[in-house]
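Here is the structure we will look at, set down as structure tokens.
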Amino acid sequence: MKAVLDHIGIAVEDIDKALAFYKDALGLEVEEPEDVATERVRARSVPVGGPVLELLEATAPDSAIATYITKRGPGIHHVTLRVEDLRTALAQLKERGVRLVNSEPRPGAGGSLVAFIHPSAAQGVLVELKQRAEPDLKLDVKRLALGDLQLTSLHDGPIRLDGGAMFGVVPRPMWEKLTPPDERNRVQLAMRPLLVEASWGRMIIDCGAGDKMPPKQVDILALDRTRALDQALVEVGLTSESIDIALATHLHFDHFGGATMLADGALRPRFACARYLIRDAEWEDATHPHERNRASYLQEDFVPLEAAGVVDFFSGDSVIRPGVRVERTGGHTGQHQIVYIESGGRTGVFVADLIPTTAHLQDPWVMGYDLFPMDTLAFKKRFIREAIEREYLIFFEHDPKVAAGYIREKNGKRFVEQVL
Ligand SMILES: [Zn+2]
């Protein structure tokens, strides 16, 4: 089990008096008070570089904090360790004969789950285990009409990638405020393919990571295959067989890994009735990987498509179908492209890894993964300006919460007005 220090709970008689030491004498920043009704306490967090000190004052005489203070006076009340999967952690502890106060997870502050281990099992220390809530992840299937086209934001579940790699040269103190990393320095992301339905058929743009990942990769990437593209399609009454066209922005595993599947030990196209549309120069790069991009271009994701004769290659910036065209951005990969969806005088743009999340709105916030970051920067500067002026509806493929929205600018600050 992996566990990291989340916070230390300190029982105080009067939270405001305690601030005379923590805030005034030490000069620490103290967060706003929070009432935790279930525990009958008021809490104020004092961040001290990662873990926090949590000052706890009883709000009722039968609160555990009140009892503690009556018996032992103010002092350290508990130590909280954060685990990824609380249920599994409790099962392990039970198996090892550790005495628990709570054998089942119970709701804690801010949507977290918590359980206490009995102090007799931990040398007199009350240890709390905590599983963080997922306030930073929202996986919904949502639709909207854009002119004559029906757009559906699908998802292939969550994925976590290294925070440093996601934000390139931006130092952690800046990005961690927008995207707090977990104990393995990973940030929460999603994979959100987009479905376009028109008179000419159903097109899926990108298709997530798919189900071929070995367990070690599933763990490293924190994939959750109980929430994936098949289920998302079912929510709108579709299956993999409903897809006529699968268009790739580029061939990285988190964008086109879902294009193939393993069945009876063989690799075959995942969308049985679809043509696969791939830019020829991207195919060239993907099938001739080098040391720097080999881990992202997994041959089993796309080579079987060509073998099955289902790929239609195209060259250069093209109109793919009426209302759908691609434009090369370069940067992330040499041939990375974005997809414009235009109908009824409106424009939606599926920006793939050009602006992977709403935390990447500032021009220099470019991913460390990008092979040609200066190309990303140049394209992005021009594109975001245009997107603001022309009110493009932007589809963010990797944002953990926002599937689509308009980029706005006010007093030089950029933000997204969420639509989906
Ligand atoms: Zn990506």
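Here segment 261-311 has an Rg and Dmax of 11.7, 34 Å, counting Cα atoms alone. Across segment 162-178, coupling constants 3J(HN,Hα) worked out from phi with the 6.51/-1.76/1.60 Karplus curve, θ = phi - 60°, read 4, x, x, 5, 5, 10, x, 7, 6, x, 3, x, 7, 7, 5, 6, 7 Hz, and Gly and Pro carry x. In this structure, the amide hydrogen of V41, modeled 1.01 Å from its nitrogen in the peptide plane, lies closer than 5 angstrom to those of V36, T59, counting only residues at least 5 positions away or on a different chain.
At the residue level, S45 shows approximately 30 square angstrom of accessible surface with a 1.4 angstrom probe and all protein chains present. The largest accessible area among D24, D301 belongs to the first residue in D24, D301, and the rest follow in falling order (1.4 Å probe, all chains). Of the complete DSSP H runs in the chain, none spans 27 angstrom or more by Cα along the long axis with a mean Kyte-Doolittle score not below -1.0. Take W200: with every protein chain present and a 1.4 Å probe, its accessible area is about 60 Å². The alpha-carbon of K410 sits under 29 angstrom from the alpha-carbons of these lysines, leaving out residues fewer than 8 places away in its chain: K138, K142, K177, K380, K381, K401.
Surface composition of the chain: carbon and sulfur make up 52 percent of the accessible area, probe 1.4 Å.
Segment 30-77 and segment 106-141 have their alpha-carbon centroids 15 Å apart. The accessible-area ordering, largest first, of the residues R325, R132 stands as R132, R325, per a 1.4 angstrom probe.
For segment 155-266, the share of DSSP beta bridges that are antiparallel, to the nearest 5, is 75%. Calculated [222 nm] ellipticity per residue, helices only, for the chain: -5000 deg cm²/dmol; basis is -39500 (n - 2.57) per DSSP H run with n ≥ 4, divided by all residues, nearest 500. Each residue was assigned an accessible area with a 1.4 Å probe, and for R160 the value is about 50 Å². Remark: segment 305-385 carries a charge dipole of roughly 340 debye about the Cα centre, counting +1 on each Lys and Arg Cβ and -1 on each Asp and Glu Cβ. Charge tally around M261: other residues with Cβ under 13 Å, Lys/Arg +1 each, Asp/Glu -1 each, net -3. In this structure, the amide hydrogen of M191, modeled 1.01 Å from its nitrogen in the peptide plane, lies closer than 5 angstrom to those of D156, G157, I159, counting only residues at least 5 positions away or on a different chain. Pairs of alpha carbons in the chain separated by more than 42 Å make up 26% of all such pairs.
Rolling a 1.4 Å probe across the protein heavy atoms gives the chain an accessible surface of 46 Å² per residue. Across segment 267-272, computed HN-Hα scalar couplings (Karplus, 6.51 cos²θ - 1.76 cosθ + 1.60, θ = phi - 60°) run 8, 8, x, 6, 8, 4 Hz from first to last residue, x flagging Gly and Pro.
Between the alpha-carbon centres of segment 226-298 and segment 156-173 there is a gap of 23 Å.
Among A115, A272, A263, the residue with the largest mean-square fluctuation in a Gaussian network model of the chain, with springs joining Cα atoms closer than 10 Å, is A263.
Counted over the chain, the DSSP beta bridges are approximately 75% antiparallel. Here the Karplus relation 6.51 cos²θ - 1.76 cosθ + 1.60, evaluated at θ = phi - 60°, turns the backbone of segment 348-353 into coupling constants of x, 10, 8, 8, 6, 9 Hz, with x for every Gly and Pro.
The values are calculated or read from the model by the stated rules, or taken from the named source; none is laboratory data. Here the structure is a predicted model, which means the values were calculated and not measured. Using ideal geometry, Cβ is built from the backbone for each residue, glycine included, and neighbour counts are taken over all protein chains shown. Each accessible area value is taken on the protein alone, full model and side chains, heavy atoms only, with ligands, DNA and RNA left out. Shrake-Rupley method; radii C 1.70, N 1.55, O 1.52, S 1.80 Å.
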